[in-house]
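For reference, the structure discussed in these notes is given below.
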Amino acid sequence: MIPDKAPPFGTIVFDCDSTLSAIEGIDELASEKAEAVAELTNLAMSGLVPLDEVYGKRLEMIQPDRAALERVAARYTEELIPGIREVFRVLRAAKKRVAIVSGGLLPAVIAVAEELGVDAKDVYAVGISFDESGRYSGFEADSPLARSGGKLDVLQEIAAQPGAGPVALVGDGITDLEALPAIARFLAWGGVVHRDEVHERSACSCDGPDAREMLRYLLSESELAHYAAAEPKT
Ligand SMILES: [Mg+2]
């Protein structure tokens, strides 16, 4: 039996890549250094590099500079999924706390948060640093989000915050599903990529493609009647 509780929820958390935005940030970065990243993938596939090291090694190879992060930020916001602005407008109206938890790089994920009206303090992603000329100088190696199982830690932290209430998480990947023990409901979002393994292991599953279809899994019937029926402002 897959654990699942019905709304209302106090906090709604979203993954970023392939959930809020149709792109994978790391793929965008890697496209500029495709050869180096392919080489790393080969090392990982042949077992020469442990999987948890891949995050850092991949960044070492890509060496994303400040300008590259700005390009990813722009791509993230250009590729926001249809209806997602309305979803965030409704959740705000319903007084839900909303957070973004991502294994992506913080400066780019912050751009998505700004676009959707999410406070920067409610964005959990992996920090990156640059030198004075904007060149890559390292990433937040101790971030739980740079290793497998890390989303569970972060969701536990969010769920334990005062006033968090029951937490729902929307995501597309196995790393999102790993947070199941910390949350009341996981909504498998297949609007960008439908991963069978994730959807089969989820009590709630939705393929969109319009993000507004998420709302009926995230709000109670009375909340839906009050807030989701309101006139869209866009
Ligand atoms: Mg994702």
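None of the figures in this text is laboratory data; all of them are computed from the coordinates on show. Note that the structure is a prediction, hence the values are computed from the model and not measured. Note that each Cβ is placed from the backbone with ideal geometry, even for glycine, and that neighbours are counted across all protein chains shown.
Counting DSSP beta bridges with both partners in the chain, what percentage is antiparallel, nearest 5?
Close to 15 percent.
P(r) for the stretch 134-173, from all Cα pairs and a bin width of 10 Å, is 23, 40, 26, 10, 1 %, short bins first. A simple packing score, the average count of other Cβ atoms within 10 Å per residue, orders the peptides 118-125, 155-162 as 118-125, 155-162, with the highest score first.
Computed from the alpha carbon atoms alone, the convex hull of the stretch 67-113 holds 68 Å³ per residue.
Directionally averaged projected area (the stretch 141-234, Cα convex hull): 7.7 nm². Think of the stretch 1-133 as a dipole: +1 on every Lys or Arg Cβ, -1 on every Asp or Glu Cβ, centred on the Cα centre; then among L48, S18, F130, S18 lies furthest on the positive end. Estimated translational diffusion coefficient (Stokes-Einstein, Kirkwood radius over Cα pairs, 10 °C, 1.306 mPa s) of the chain: 87 µm² per second.
Suppose a student asked you for the relative contact order of the stretch 80-234, using Cα pairs under 8 Å spaced at least 6 residues apart; what percent would you report?
Normalised by residue count, the contact order of the stretch 80-234 is 20 percent.
Between 0 and 90 degrees, the angle of helix 150-160 with respect to the longest Cα principal axis of the chain falls at about 40 degrees. Helix 66-78 and the longest principal axis of the C-alpha atoms of the chain enclose an angle of approximately 30°.
Taking the C-alpha atoms only, the angle from helix 51-62 to the longest principal axis of the chain is near 60 degrees.
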